[in-house]
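The values are calculated or read from the model by the stated rules, or taken from the named source; none is laboratory data. Here the structure is a predicted model, which means the values were calculated and not measured. Here the Cβ positions follow ideal geometry from the backbone for every residue, glycine too, while neighbour counts run over all protein chains shown.
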Amino acid sequence: MVEAVSLVKRFGEVTAVDNLSFRVEKNEVLGFLGPNGAGKTTTMRMLTGYFTPTSGEVYINGISMVENPREAKRFIGYLPEHPTLYPDMRVEEYLRFVAELHGVKRMKERLDYVREVCSLSPVWSRLISQISKGFCQRVGLAMAIVHNPSVIILDEPTIGLDPEQIIETRNLIKTLGKEHSVILSTHILSEANMTCDRVMIINKGRLVGEGTPERLSENLRKKRNISLVVGSEVAKTLFSGIPVEIQKQEKLDDKFRLELSFPAEEDLCPELVRRITEAGISLYQMQEKKPTLEEIFLSLVKEAL
Ligand SMILES: Nc1ncnc2c1ncn2[C@@H]1O[C@H](COP(=O)(O)OP(=O)(O)OP(=O)(O)O)[C@@H](O)[C@H]1O
Ligand SMILES: [Mg+2]
């Protein structure tokens, strides 16, 4: 379990992380989503004890990272933004070395496990200096999980991977999230959508939105957009007295496509249908256009500015 309380990090004039609080349970994947410079890496560095917070607290399984860093760090596996690997070591040798540092007991079992789940077989005996960037990223991931830590912190885990590996890594993260606390950062909205139970949208060090990917798209939209296909043209007066706006009306072959919007507080759909049918207009299709996480993200970031 990870708990962050009012985390702040300042670098001179720059407030990189501005009062972030959150909690991640042991069967949960939390995603930090935000543009470049949002403060994702800085937050992760405070969680892992690499940076001391300017103020605020970090607890890993109840142990304070500020007061007992050695003890707290034992529970953590960390894939940093730029993993440092020893170029003169072979992949297996290096992971064995990392595992030894962590005091891993069932060495063979753990090495077999990371070789398998991080798809490292093709480079297992190769020198790190001679493997490609994507494989280095996979070695970094293996390094983060080889000691089976209860808290796994991954800074942009899929960056530099090929499409097949991206899918495998996302699946691995989901599996890890069943029994560990996982925190990952990404700029890729679809990635957050696919792998995270909960997302925190961060901009300029501040929290600008939080929730499950679905809840974010439901709660944070202020307007609902409905698209309809009807039999004849609809006059504006049909919606008089209710806050419905006609955004667009276009003629299809023998029908009309209508785009309507109304404030999200009140569900006006039944009233819309009633007015349309009572006017003798045939209703062929009705569909809600839900904003994508991408659209919500952009509108939240814009609002925060
Ligand atoms: N060691 C440092 N010294 C001074 N400023 C720093 C330092 N590390 C980060 N910053 C500043 O803190 C802010 C947040 O940076 P951070 O690296 O945490 O962002 P990020 O969300 O990880 O961005 P990216 O998506 O580009 O990785 C930026 O303005 C950055 O310039
Ligand atoms: Mg970063």
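Filtered by the rule that a residue be surrounded by fewer than 21 Cβ atoms within 10 Å (Cβ to Cβ), more than 24 Å from Val58 (Cβ to Cβ) and over 16 Å from the mean Cα position of the chain (by Cα), region 140-170 gives Gly160, Leu161, Asp162, Pro163, Glu164, Gln165, Glu168.
Within region 110-147, being more than 15 Å from Ile167 (Cα to Cα) and among the β-branched types (Val, Ile, Thr) holds for Val114, Val123, Ile128, Ile131, Val139, Ile145, Val146. Going through (1) within 21 Å of the chain's Cα centre (by Cα); (2) within 16 Å of ligand 1 (Cβ to nearest atom); (3) modelled with pLDDT of 95 or more one by one, Val5 falls short only on (2). The set of residues from region 1-59 being within 16 Å of ligand 2 (Cβ to nearest atom), part of a strand (DSSP E or B) and closer than 21 Å to Asp197 by Cβ comprises Leu7, Leu20, Leu30, Gly31, Phe32, Leu33.
Total residues in region 18-42 satisfying the condition of being β-branched (Val, Ile, Thr) and near ligand 1 (Cβ under 7 Å from one of its atoms): the figure is 2. Checking the structure you have, find out if any residue of region 89-104 is in the same structural domain as Lys178 (by TED's automatic domain parsing), within 16 Å of ligand 2 (Cβ to nearest atom), under 23 Å from Leu172 (Cα atoms) and among the hydroxyl-bearing types (Ser, Thr, Tyr). No, the conditions are met nowhere in region 89-104. Inside region 8-46, can you point out the residues that are under 17 Å from the mean Cα position of the chain (by Cα) and of a type in the set (A, V, I, L, M)? Selection gives Leu20, Val24, Val29, Leu30, Leu33, Ala38, Met44. Mind listing whichever residues of region 215-269 are more than 21 Å from Lys290 (Cβ to Cβ) and among the aromatic types (Phe, Trp, Tyr)? Matches in region 215-269: Phe239, Phe256. From the list Ala99, Ala38, exactly one residue is surrounded by 22 or more Cβ atoms within 10 Å (Cβ to Cβ) and touching a residue at least 12 places away in the same chain (Cβ under 8 Å). Which is it? Selected residue: Ala38, the only one of Ala99, Ala38 that is surrounded by 22 or more Cβ atoms within 10 Å (Cβ to Cβ) and touching a residue at least 12 places away in the same chain (Cβ under 8 Å).
Contact map, region 169-196: residues that are more than 15 Å from Ile159 (Cα to Cα) paired with residues that are assigned to a loop (DSSP other than H, G, I, E, B) and away from ligand 1 (no atom under 16 Å from the Cβ), Cβ distance under 6 Å, separation 6+ or inter-chain. Pairs shown: Lys178/Asn27; His180/Ser150; Ser181/Met1; Ser181/Lys26. One residue stands out among those in region 264-279 that are out of contact with any strand residue (DSSP E or B) (no Cβ under 8 Å at 6 or more places or on another chain) and surrounded by 15 or more Cβ atoms within 10 Å (Cβ to Cβ): the one that is farthest from Leu216 (Cα to Cα), which is Arg275.
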